[in-house]
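Following: one structure in structure tokens, then a few remarks.
Nothing in this text is a laboratory measurement; each read-out follows from the coordinates by a stated rule. On a predicted model such as this, the values are computed, not experimentally measured, just so you know. Note that we place each Cβ from the backbone using ideal geometry, even for glycine, and neighbour counts take in every protein chain shown.
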Amino acid sequence: MSTISNPTAPTTPASVDRVIQLIASGESSGESCSPELSKGPWEFDAGPTAYGPGSSMGDVIPAGSPRQGALPAEYKTASDEELDARVRAAKATLGDRVLVLGHFYQRDEVVAHADYIGDSFQLAGAAKSKPDAEAIVFCGVHFMAETADLLSTPEQAVILPNLAAGCSMADMADIDSVTECWEALEELYGTEPDADGRVPVIPVTYMNSSAALKGFCGERGGIVCTSSNAETVLEWAFERGQRVLFFPDQHLGRNTAKAMGVPLDRMPMWNPRKPLGGSSEAELHDAQVILWHGFCSVHKRFTVDQIEQARVSHPGVRVIVHPECPMPVVDAADEYGSTDYITKAIAAAPAGSTFAIGTEINLVQRLAAQYPQHTIFCLDPVVCPCSTMYRIHPGYLAWVLESLVAGEVVNQISVSADVAVPARLALERMLAAKPPANGGGTAPAATAVPAGA
Ligand code: SF4
């Protein structure tokens, strides 16, 4: 188990939220991607048409996305210190009845209260390992809470402190668009297997997708992948299918398939707003991986130019980026891998190493604080967190915990049984898939890290 951070440690002065507030007040000369980041997230709960300030600002929230109701005023006006004390008091009262999970990309002021930190799948595993906890408060985004609900017991309530904390990438592939795509592909390819028994196409969804899409894959012989095991999962799919339909992240799909030797001209894109996804029938017939037109608004900010700048300003720097970054960025980096890969690489490096990291800034800042023997910085000089996860302000955490103390479950995320059964099947296929003998560019999956580990 890798050590990521000690969530019981006090918030460092370098927390991303603190830096954003200093920039907004003019006390720091740095730059954030939007002055609106310094506002309370409740200002965006009333009815946003986009994802709010920052990196996800240009993306459109799909109709029907959950909307957060009004947060009681006392949580908006409380000081940081008061909220911290109220969260601690509520957790102490609830004891083992509640489990608080914090994603790697979550702000420090919330992660400080997490019993476990990790990536989405690691945290879902942590939820599963604590069946006696009545409530699981997931400080991440919507699809993560859904996954925790899929893997926890029916008696456990999974709570997302702010329902407006969605994932812009996950929302780029909705069940209706993917179903339309699938029907078009079936019309084109038919449904008969080839002489080797491989069906025309296998659906593969990234963990960063709705439970409905995981269920879609489960019902059609498909599978889920994470950024840690994408190559293993693609190997599994190629054994069973002539092609893969990969959604929602085109970059993870492209970077992984390219590393496995799939030529770029056999990876056409599927844009749901265009007829046949914007590709010709010939391109789709020749395809080995069909890439959904989705991306992470945070990771698409990283550029080759930033890498070149880092190499000039820090000779000898080790550049590691996440596979959600565009292919030219992954190609220009020294290494790429999941958050687990990045944290392990830093933990294993000799003292005095210098890292430029291409992933979400809350994790990078936390790693920099945790490993003062290294120089660690984010490739993007602009402070730009995942703006949707950033909506889990400590005020929302205090609200859901104090509601639990009062006997009320608010903001429960519950996946219906008709979706949950096939979604679990797709997850079980992923867990059963065996890694290729020669490994890959990414690290194997790990477990979440308990507080103080
Ligand atoms: S960092 Fe990107 S993929 Fe992750 S939750 Fe935020 S928007 Fe979604």
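Using the number of other C-beta atoms within 10 angstrom as an exposure proxy, rank Leu188, Leu404 with the fewest first. Present the calculation step by step, with values, prior to reporting the outcome.
Values: Leu188 13, Leu404 22.
In order of increasing Cβ crowding within 10 Å: Leu188, Leu404.
Any idea what log10 I(q)/I(0) is at q = 0.07, 0.10, 0.11 Å⁻¹ for the chain, Debye with uniform C-alpha scatterers and no solvent?
-0.33, -0.69, -0.84
Please arrange Lys344, Lys300 by counting, for each residue, the other beta carbons lying within 10 Å of its beta carbon, fewest first. Write down the numbers at each step before the final one.
Numbers: Lys344 18, Lys300 15.
The most exposed by this proxy come first: Lys300, Lys344.
If you fit an axis through the alpha-carbon atoms of helix 230-240 and take the longest principal axis of the Cα set of the chain, what angle between them do you get, 0 to 90°, nearest 10?
Tilt of helix 230-240: around 30 degrees.
Based only on other Cβ atoms within 10 Å, what is the fewest-to-most ordering of Asp340, Asp17, Asp334?
On the way: Asp340 26, Asp17 21, Asp334 14.
Sorted ascending by nearby Cβ count, the order is Asp334, Asp17, Asp340.
Work out, step by step, the length gained on full extension between Glu43 and Ala351: first 0.36 nm times the residue separation, then minus their alpha carbon distance; give nm to one decimal. Present the calculation step by step, with values, prior to reporting the outcome.
On the way: separation 308, 0.36 × 308 = 110.88 nm, distance 4.33 nm.
Once the chain is fully extended between Glu43 and Ala351, it gains 106.5 nm.
So for region 144-228, what percent of the C-alpha to C-alpha distances run longer than 16 Å?
On the way: 2191 of 3570 pairs.
When every Cα pair of region 144-228 is considered, 61 percent fall beyond 16 Å.
So what's the projected area for region 299-378, the Cα convex hull averaged over all directions, in nm²? Don't jump to the answer; show the numbers that get you there.
Working: hull surface 18.0 nm².
Over all viewing directions, region 299-378 projects a mean Cα-hull area of 4.5 nm².
Which far-off residues, 5 or more places away or on another chain, put their amide H under 5 Å from the one on Ser32, with H placed in the peptide plane?
Amide H to amide H, under 5 Å and 5 or more residues apart or across chains, Ser32 pairs with Val383.
Relative to 2.2 N^0.38 Å, what does the C-alpha radius of gyration of region 87-199 come to as a ratio? Two decimals please. Spell out each step's value before the answer.
On the way: Rg = 18.9 Å, N = 113, 2.2 N^0.38 = 13.3 Å.
That ratio works out to 1.43.
In degrees from 0 to 90, rounded to the nearest 10, what is the angle of the helix 304-313 Cα long axis to the longest principal axis of the chain?
Roughly 50 degrees, rounded to the nearest 10.
Of Lys39/Lys300; Lys130/Lys344; Lys214/Lys274; Lys76/Lys214, which sit over 32 Å apart, Cα to Cα? Walk me through the numbers on the way to the answer.
On the way: Lys39/Lys300 24 Å; Lys130/Lys344 25 Å; Lys214/Lys274 24 Å; Lys76/Lys214 36 Å.
Over 32 Å apart, Cα to Cα: Lys76/Lys214.
Considering amide H positions built from the backbone, and no H for Pro or chain starts, which residues 5 or more places from Glu134, or on another chain, come under 5 Å of its amide H?
For Glu134, whose amide H was placed from the backbone, the distant partners under 5 Å are Val98.
Below 8 Å, C-alpha to C-alpha, sequence gap of six or more: please give me the relative contact order for region 299-378 in percent. Could you put the intermediate results ahead of the total?
Working: 120 pairs, mean separation 23.3, N = 80.
With pairs under 8 Å counted, the relative contact order is 29 percent.
Under the rule of -39500 (n - 2.57) per DSSP H run of 4 or more residues, summed and divided by the residues of the chain, what mean residue ellipticity at 222 nm is obtained, to the nearest 500 deg cm²/dmol?
Details: 17 runs with 168 residues, N = 453.
It comes out at -11000 deg cm²/dmol, rounded to the nearest 500.
Got a sec to turn the phi values of region 30-36 into Karplus ³J(HN,Hα) couplings, 6.51 cos²θ - 1.76 cosθ + 1.60 with θ = phi - 60°, whole Hz, x for Gly and Pro?
Per residue, the Karplus-derived 3J(HN,Hα) values read x, 10, 10, 6, 6, x, 5 Hz.
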